[in-house]
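The values are calculated or read from the model by the stated rules, or taken from the named source; none is laboratory data. Owing to the predicted nature of the structure, the values given are computational and were not obtained by experimental measurement. Cβ atoms come from the backbone with ideal geometry, glycine included; neighbour counts cover every protein chain shown.
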Amino acid sequence: MTSAQTSMFVKEETGITAEGPISATVNSTITINGTLMDASDNGIANATITVVFEGKDYTTTTNGDGKFTCDIMTTTVGDNIPVTVRYDGNDTYMASSEIISVDVEKLGSELTLNPVNNTDINSTVDVSGLLSEEYTQKAIANSTVTIKVDPISYNTLTDDNGNFKVTIKAAA
């Protein structure tokens, strides 16, 4: 006589919550926080959480209370860029996910002009300065700066330190 044993195990449902900033600037790090809970609202410890942003996967692990934190880098400008936060489940727990979004804005810039000395009409003068990020003051390298002296526009590139210089003819 043979007997077959079968057992049926039902995985427990999970829920995941996530939050992060509503907006950020491009090329900055933002933090996504959240909690993974079981059906009884108890945190699930030591679970792997995957955060997907701009096609890149970031992983983190929940702490003893089921809470997690994940730093991600913004690289694309746009509105409502989705951030998918997911738990893939295991032998005990079912998978769950949540999607939040973030608006990623361009960096502001600051153009600082160096003082220009008085000059004679029809002589040349150097116009120089620094192009930097608005909040961090970090130099913006290899970027075009246009100096306009009606009706002529003068274009130049910033160097590795954000400095630029263009020689123009003083107008009459």
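Checked against (1) of a type in the set (S, T, N, Q); (2) surrounded by fewer than 13 Cβ atoms within 10 Å (Cβ to Cβ); (3) assigned by TED's automatic domain parsing to the domain that holds ALA39, SER153 passes all but a single condition, namely (3).
Which of the strands (runs of 3 or more DSSP E) found entirely inside the range 45-134 contain at least 1 residues meeting this: in contact with a Pro (Cβ under 7 Å, 6 or more places away or on another chain) and over 25 Å from THR158 (Cα atoms)? Result: 96-105.
Among the residues of the range 121-128, none qualifies, meaning not one is under 30 Å from the mean Cα position of the chain (by Cα), at pLDDT 90 or above and surrounded by 15 or more Cβ atoms within 10 Å (Cβ to Cβ). Restricting the range 20-54 to residues that are charged (D, E, K, R) and surrounded by 14 or more Cβ atoms within 10 Å (Cβ to Cβ), which is farthest from the chain's Cα centre (by Cα)? By that ranking, first place goes to ASP38.
Set side by side, the residues THR84, THR59 differ, and just one is touching a residue at least 12 places away in the same chain (Cβ under 8 Å), over 30 Å from ASN142 (Cα atoms) and not assigned by TED's automatic domain parsing to the domain that holds SER132, which is THR84. Apart from one condition, VAL77 fits all of (1) touching a Ser or Thr at 6+ places or on another chain (Cβ under 7 Å); (2) farther than 30 Å from VAL10 by Cβ; (3) aliphatic (A, V, I, L, M); (4) surrounded by fewer than 16 Cβ atoms within 10 Å (Cβ to Cβ); the exception is (1).
Mind checking which residues of the range 93-109 are farther than 30 Å from ALA47 by Cβ and surrounded by 14 or more Cβ atoms within 10 Å (Cβ to Cβ)? Selection gives GLU105, LEU107.
Of all residues in the range 15-44, which are hydroxyl-bearing (Ser, Thr, Tyr), over 13 Å from ILE72 (Cα atoms) and either outside any strand (DSSP E or B) or touching a helix residue (DSSP H, G or I) at 6+ places or on another chain (Cβ under 6 Å) (or both)? If the condition is that a residue be hydroxyl-bearing (Ser, Thr, Tyr), over 13 Å from ILE72 (Cα atoms) and either outside any strand (DSSP E or B) or touching a helix residue (DSSP H, G or I) at 6+ places or on another chain (Cβ under 6 Å) (or both), then SER40 is the only one that fits.
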